Amino acid sequence: MNFARPSGVRAILLTVAFSNIGCAGGIPSIPNQPEAILSKGEQQFQKGKYFQAQELFKGFLAKHPGHDKSDYAQFMLAESYFKDEEYPLAAVEYRIIISDYGYSEYVDDALFKEALCFFEQAPKSHLDQTKSFEALSRFRQFLQTFPQSTLVEDVQRYVAEIHEKLAEKDFKNAMFYVRRKFKSSAMIYLNKVIEQYPGNDYWARAMYHKGQILLEQGDKEGAATMFEGVVNYSKELDITDDAKAELARLRDK
């Protein structure tokens, strides 16, 4: 494992910043002992003084590379950024734990929180969803790597929420083409919702509209399968009765 922190100019700047935080951040002068630095960083973190905590943890890592508590200091640095809602910076620091401290007890938490950093940066469904895909990728990695973790249920809830957001975006794209009667283009997005994002309201609506298109194309069996999926969906929607009616008509024929 690589325990060394960035050196050169950055290390010098960190050292200078660390020596000045007593004046700039209201933190009293502290000794150079690593345990004292960590203790002061924890105190500032608990008080919600995240900038001061960040400077202390960065100072620890600059002054004591390779210390047996470096992974803890690195994790707390990431946590300080996360609590301060500086998600891009937090994601970088969590990634350092994963890549440089693979032995650490904090790796699973770091991967979970890295995913949350991207989740928190993701915009509303009609905007670019790159951050949602980044979060989804890391949540899936977490489930594969730590299947017995106590965080699995939380991860699954976040995955479901991301799926719903991505399904909403693709469903709205499908409806754009449905309204313009570009059925083949609509089917691309409807199939994407059905195949990739099951188990939410947009999935059920995509099933219904795909059923309508298949019915127009003469594929009664395929349409019946779609309508049946809507009827069996766990929630009653405004399209449920229509799906039941379509299914009944198909079965009567």
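When region 52-93 is filtered for residues that are among the charged types (D, E, K, R) and crowded, with 20+ Cβ neighbours inside 10 Å, the ones remaining, listed by number, are Glu55, Lys58, Asp71, Glu79, Glu93.
Screening Leu166 with (1) over 29 Å from Glu93 (Cα atoms); (2) modelled with pLDDT of 95 or more; (3) of a type outside the set (D, E, K, R) gives one miss only, at (1). Hey, among the residues in region 113-139 that are part of a loop (DSSP other than H, G, I, E, B) and touching a Leu at 6+ places or on another chain (Cβ under 8 Å), which one's surrounded by the fewest Cβ atoms within 10 Å (Cβ to Cβ)? Once the filter is applied, the top-ranked residue is Ser125.
Checking every residue in region 135-153 against the condition of being touching a residue at least 24 places away in the same chain (Cβ under 8 Å) and of a type in the set (Asp, Glu) gives zero matches. Exactly one residue out of Gln217, Gln156, Gln196 is farther than 22 Å from Gln129 by Cβ, polar (S, T, N, Q) and modelled with pLDDT of 95 or more, and it is Gln217.
For region 94-112, filtering for residues that are crowded, with 17+ Cβ neighbours inside 10 Å, of a type outside the set (Asp, Glu) and assigned to a helix (DSSP H, G or I) leaves 8. State whether the residues of region 65-84 include one that is touching a Ser or Thr at 6+ places or on another chain (Cβ under 7 Å) and under 23 Å from Val155 (Cβ atoms). Taking every residue of region 65-84 in turn, at least one turns out to be touching a Ser or Thr at 6+ places or on another chain (Cβ under 7 Å) and under 23 Å from Val155 (Cβ atoms).
Every residue, every condition in (1) part of a loop (DSSP other than H, G, I, E, B); (2) surrounded by fewer than 22 Cβ atoms within 10 Å (Cβ to Cβ), yes or no:
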site	(1), (2)
Met187	no, yes
Gly211	no, no
Lys235	yes, yes
Leu250	no, yes
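The values are calculated or read from the model by the stated rules, or taken from the named source; none is laboratory data. Keep in mind that this is a model prediction, so the values were computed, not measured. All Cβ positions, even for glycine, are placed from backbone atoms using ideal geometry, and neighbour counts span all protein chains on display.
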